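The values are calculated or read from the model by the stated rules, or taken from the named source; none is laboratory data. All figures in this text were calculated on a predicted structure; none of them were measured in a lab. Ideal geometry is used to build each Cβ from the backbone, glycine not excepted, and the neighbour counts take in all protein chains shown. These accessible areas exclude ligands, DNA and RNA; they are computed on the full protein's heavy atoms, side chains included. Shrake-Rupley method; radii C 1.70, N 1.55, O 1.52, S 1.80 Å.
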Amino acid sequence: MHKLEVKNLFVKIEDKEILKGINLTVKSGEIHALMGPNGNGKSTLLMSIMGHPKYEITSGDILVDGESILDLSVDERSKLGLFLAMQNPQVIPGVTNLEFLKYIVNAHSEKKMKLQEIYKDIKSQAEELDFDLHLLKRFVNDGFSGGEKKKNEILQLKLLKPIFSLIDEIDSGLDVDALEVVAKNLNSIDLSESALVLVSHYDRFFKKVIPTHAHVIINGKIVISGNDELVEKVNSQGYSWIKELNNESSK
Ligand SMILES: Nc1ncnc2c1ncn2[C@@H]1O[C@H](COP(=O)(O)OP(=O)(O)OP(=O)(O)O)[C@@H](O)[C@H]1O
Ligand SMILES: [Mg+2]
């Protein structure tokens with residue numbers, strides 16, 4: 001069993017405090033939904049867990065299997081089993097997607113493999129995603145459509161098989177068929193030793209990948225937690241009732 005713990009986490013970006021005391025525990029077998037209004041800290045939380053240098057942790061801790069990871073670099077966190085599928089995937093001009101995928105697979109394995117040795121796996125994972133194989137020859141995300149970029153994130157995830165997959169708004173930009181395919185791929189992940197943290201604004205996504213836990217982040221804090229019923233309630237009633245509840249309790 002693996003465990004990711006975020007303890008009373010405070011995070012600043014460029015002197016602005018964004019996260020204000022986040023507590024979250026994610027264990028193998030669990031699927032956590034993170035919701036919340038725009039600009040309230042969801043991506044900041046995932047970026048901070050992954051170790052983006054722009055996000056300054058001013059207090060609190062992040063632990064994997066009981067050990068703090070705050071001193072680890074992004075690549076060390078990645079090798080430990082953390083993975084972030086970004087809301088806005090980066091373009092890497094000059095590096096073909098295939099070279100990039102080979103590089104990340106090799107960075108995670110003891111045995112360094114030649115392209116011929118891993119191409120079969122890359123091809124079959126891409127096919128499971130309905131990912132156009134021509135995109136393997138292009139520069140990473142360069143000129144990719146919104147949906148192609150999102151699928152490329154999931155392709156990386158499928159190749160690396162992380163323990164903790166942090167997935168930020170993967171559904172935005174996906175057409176209905178692509179959403180179905182991505183959901184199918186996420187549902188086929190073996191969660192016996194791994195877990196998913198999914199940020200999305202939409203109930204229709206969480207109807208396809210059903211969370212075991214759900215949380216709402218407002219103003220840098222998790223203000224309410226529950227399960228998939230909370231997702232449905234947010235979908236039908238919005239966030240105002242949660243904000244009111246919170247105002248009441250802080251009086
Ligand atoms: N580099 C930065 N400099 C200043 N403020 C920033 C920077 N990056 C993010 N922020 C601010 O941090 C806040 C939280 O942003 P974050 O991306 O975590 O929101 P979010 O909850 O993921 O929103 P969305 O649902 O729109 O994706 C926002 O107000 C954003 O403008
Ligand atoms: Mg975001």
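Using the Cβ-Cβ distance between Asn227 and Ser192 with R0 set to 25 Å, the FRET efficiency from 1/(1 + (r/R0)^6) comes to roughly 0.80. Estimated from helices alone, the mean residue ellipticity of the chain at 222 nm is -11500 deg cm²/dmol (sum of -39500 (n - 2.57) over DSSP H runs with n ≥ 4, per residue). Ranked by the mean number of other Cβ atoms within 10 Å of their residues, highest first, the peptides 202-209, 188-195 fall in the order 202-209, 188-195.
The spacing between region 183-251 and region 2-29, judged by their C-alpha centroids, is 16 Å. Enter the Cα centre distance for the pair region 73-102 and region 139-162, rounded to the nearest angstrom. Centre-to-centre (Cα) distance: 9 Å. For region 11-105, the Kirkwood estimate of hydrodynamic radius, built from reciprocal distances between every pair of different alpha carbons, is 15.2 Å. Partner aspartates and glutamates whose Cα lies under 18 Å from the Cα of Lys20, excluding those fewer than 8 positions away in the same chain, are identified as Glu5, Glu56, Asp61.
Relative protection proxy for 112-122, 147-157, from highest mean packing down: 147-157, 112-122 (other beta-carbon atoms within 10 angstrom). Going Cα to Cα from Lys3, which lysines come in below 18 Å? Please leave out same-chain ones fewer than 8 positions away. Candidates past the 8-residue exclusion: Lys27, Lys79, Lys161.
Fully extending the segment from Asp61 to Asp175, taken as 0.36 nm per residue of separation minus the present Cα-Cα distance, adds 37.3 nm.
Counting only DSSP beta bridges with both residues in the chain, the antiparallel share comes to about 60 percent.
For Lys54 and Lys12, the difference between the fully extended length at 0.36 nm per residue and the C-alpha to C-alpha distance is 14.3 nm. Divided by 2.2 N^0.38 Å, where N counts the residues, the Cα radius of gyration of the chain comes to 1.01.
Dipole orientation for region 116-251: of the candidates Phe205, Ile189, Ser249, Ser249 has the Cα lying most toward the positive pole (charges on Cβ; Lys, Arg +1; Asp, Glu -1).
How much of Asp177 can a 1.4 Å solvent probe reach, expressed as accessible area in Å² and rounded to 10? So the heavy atoms of Asp177 present about 110 Å² to solvent. When you count the other C-beta atoms within 10 angstrom of each residue and take the mean per peptide, 92-98, 213-219, 20-26 line up highest first as 213-219, 20-26, 92-98. Annotation: per residue accessible area for the chain equals 50 Å², rounded to a whole number [probe 1.4 Å, protein chains only].
Pairs of Lys residues in region 163-248 that lie 8 or more places apart, or on two chains, and have C-alpha atoms under 22 angstrom apart add up to 7. With both labels modelled 7 Å from their Cα along Cα-to-Cβ, the His134 to Ser109 distance reads 2.9 nm.
So the label point goes 7 Å from the Cα of Lys27 along Cα→C-beta, right? Which residues of region 195-239 then have their backbone N under 17 Å from it? Those under the cut-off are 195-197, 212-214, 226-227. Under 5 Å between amide hydrogens, built in the peptide plane, is the criterion, and for Gly21 it picks out Leu9, Phe10, Val11 among residues at least 5 positions away or on other chains. For the set Met50, Met86, solvent exposure ranked by accessible area (probe 1.4 Å, protein chains only) runs largest to smallest as Met86, Met50. Taking every protein chain into account, the 1.4 Å probe leaves His108 with about 70 Å² of accessible area, to the nearest ten. Which percent of the accessible area of region 75-223 is formed by carbon and sulfur heavy atoms (probe 1.4 angstrom)? Ligands and nucleic acids excluded, carbon and sulfur give 53 percent.
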